[in-house]
Structures are given as structure tokens and as C-alpha cells.
Amino acid sequence: MSEGKLYAMLIGPPGAGKGTQAEKIVKRYGVCHLATGDMLRAAVNSGSELGNELKHIMATGGLVSDDIVVNLIRDNMDSPSCAKGFLLDGFPRTIKQAEKLDHLLAARDLKLNAAVEFAIDDAVLVERIEGRWIHKASGRSYHTKFHPPKSPGLDDVTGEPLYKRPDDNAIALKTRLEAYHNQTKPLMDYYAKQGVHFSVNADDKKANVWKKVMGIFDSCGKK
């Protein structure tokens, strides 16, 4: 790792369990969790010039440019919470985005330590997605069958109501998976050529997935 820091990302289709493992990674390694959706919401709520620009883009149904997301990552890298490194989640999703991220890291003489793929069959994801509920403020996710909250419909930490994403259904999932396979799956070869691609079986028990993830990141610290 660069000066004892960890620069990593989680890659996988919706419902693969990235969010669950991300919480554990942040706690164990002290890195900041840079999830694209969270960064965009935080920027909008900040009232900054960039936040107001994002608010307008989202309100009009526009697409947030890759450069804006890269700039958000850059700004977050300078925050105290990212002093030990970062864990990216939701970016990059395309080769073009990966190249922009590489340029950002190279400008700081940094390199990615690990791009961890959460590999899982599409058929398994339907049940996972349809039972998923999320705490909007924190991004904590629950599942009615696999990871239910202590009190139905309420977040374990705050007691606030959980919500269901409108695209967490089988029909929308099919579209999202097509986009994942066409645009994001090629990243595996891209990062394999850099020697930083790792794969975990996301359909395994959560404890086993965590053990494999720990093994990957612990080995990064020995390089």
C-alpha cells in the first residue's frame, strides 16, 4: 500500500453485497467510503457552487459528467476522513471512467491497490434485490430474508424508517444487469492487466466473503 494507505474499489452488480462488506472494510482499515450516490447527495446538501450545479442537473434529469464525479473524489481525498485511503463504490463503471481515475491517482503519485469483484450469478440477484430495504441517510442496507432489521421497517442504528428503491424490482434489475455486463464487466480485464484485480464469490456466506476480502486487503499491506 502507498505509505500504509489503502486505495481500493468494490465492483459488482446491484445486490451483490458490496454495501454490507464496505461497512466492515471502513471499520477495519479506517478508510473513507466514497460511494457515488452518497457523494452526490452530500454535495447537493452542502449548498456549494458545485452542489447547486448538481442539483440543477439532477432536477432536469441530466447525467452527471465523469469529470464532476472525479472532482468529487479528488476533493474527498483531501478530507481528514480519507487520511488512510479510500474505498470506491459505484465508480468507475466504464473503462473511460477508470482511465480518468488513473490520471487522478497518477497526478498524486498514487496507485490503486485492489479492485475487488463481487462475482455472482444474475439469477441469484432477483431475490436479493426484491427484498432489499435501505436507510437513506447512511446507505445501510437490509433484506427481509437475509439481513432483516431488528424492528421491521426501521433502521437498527437510528430507528428511522427504511425505504425501497423504485428500481429494486426484477424488471428494472434486468436493465441494470445488462448495463453492468456491457459497461462494467470489461473493467475486470482492465484491472487484471494492472495486477490489482481480485474476485470473491459473493454468493457465499457473508462471513466467508468477509474472510476473503480481509485476506485481499491484508495482503495489500504487505506489498
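A few notes on this one:
- Every helix of 4 or more DSSP H residues in the chain counts as -39500 (n - 2.57), and over all residues that averages to -13500 deg cm²/dmol at 222 nm.
- Pairs of lysines in the range 33-173 (C-alpha under 19 Å apart; 8 or more residues apart or interchain): 8
- Relative contact order of the range 130-175, pairs being alpha-carbon contacts under 8 Å that are 6 or more residues apart, as %: 37 percent
- Here the range 109-223 exposes an accessible surface that is 55 percent carbon and sulfur, computed with a 1.4 Å probe and the other protein chains kept in place.
- Projected onto its three principal axes, the C-alpha set of the range 171-223 covers 42, 29, 11 Å, listed from the longest axis down.
- Among beta bridges identified by DSSP and lying wholly in the range 98-223, the antiparallel ones come to about 55 percent.
- With all projection directions averaged, the alpha carbon convex hull of the range 1-105 covers 7.1 nm².
- Rounded D (µm²/s) - the range 75-116, Kirkwood Rh over Cα pairs, Stokes-Einstein at 20 °C, 1.002 mPa s: 191 µm²/s
- The chain, dipole about Cα centre (Lys/Arg Cβ +1, Asp/Glu Cβ -1), debye to the nearest 20: 600 debye
- The range 51-98 and the range 124-166: distance between their alpha carbon centers, rounded to Å: 25 Å
- The chain: antiparallel DSSP beta bridges as a percent of all, rounded to 5: 30 percent
- Probe 1.4 Å, protein heavy atoms only - accessible area per residue of the range 59-215 in square angstrom: 56 Å²
- Quarter of the Cα convex hull surface for the chain, i.e. its orientation-mean projected area (nm²): 12.4 nm²
- Accessible surface of the range 1-106 [probe 1.4 Å, protein heavy atoms]: carbon and sulfur percent: 51 percent
The values are calculated or read from the model by the stated rules, or taken from the named source; none is laboratory data. Everything numeric here is computed off the predicted structure, so don't read it as measured data. Cβ atoms come from the backbone with ideal geometry, glycine included; neighbour counts cover every protein chain shown. When the accessible area is computed, the model is the full protein with side chains, heavy atoms only, and any ligands, DNA or RNA have been set aside. Shrake-Rupley method; radii C 1.70, N 1.55, O 1.52, S 1.80 Å.
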